[in-house]
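One structure is given here, and the rest of the page talks about it.
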Amino acid sequence: MKTKNHLDKKLSQELSIFEVKMDLKLDSLKDGIDDNSRKYRDQILQGLDEVMGELQTLRQENTIGFHQIKERLDNHNRGIKHLEHFTKAI
């Protein structure tokens with residue numbers, strides 16, 4: 001018949017083995033979660049990079065468009081002044 005002391009030792013060993021197995025499983029699970037999180041974060045950052053690139057392009061196009069419109073407006077103003085000057089001379 002097994003003694004209480006022997007059963008306590010056996011239980012302690014089994015619990016230690018269980019603890020090691022659980023630690024390994026939890027570490028594996030944590031690594032999987034970390035990998036998935038990293039992939040998800042990378043996808044988000046790539047999407048943001050694309051959006052920021054588009055935004056930069058739009059800003060550049062707006063700046064160019066603004067200067068083109070300003071140049072046209074200046075040309076129109078010069079034309080109007082020229083016509084006003086011409087009509088006064090008549």
Original post:
All other residues with a Cβ under 15 Å from the Cβ of Q46 taken together, and with Lys, Arg as +1 and Asp, Glu as -1, what is their net charge?
Top reply: -1
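I need the per residue convex hull volume for the chain, using only the alpha carbons, in cubic angstrom as a whole number. List each step's numbers first, then the result.
On the way: hull volume 7.1 nm³, N = 90.
In the chain, the Cα convex hull volume per residue is 79 Å³.
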Original post:
Highest GNM mean-square fluctuation, the chain, Cα pairs closer than 10 Å: which of S16, S37, S28?
Top reply: S16
Original post:
What angle, in degrees between 0 and 90 and rounded to the nearest 10, separates the Cα long axis of helix 4-89 from the longest principal axis of the Cα atoms of the chain?
Top reply: 0 degrees
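Each reported figure results from applying straightforward, stated rules to the coordinates on display, with no laboratory input. Predicted, not measured: the structure shown is a model, and the values here were computed from it. Neighbour counts run over all protein chains shown; Cβ positions are idealised from the backbone, glycine included.
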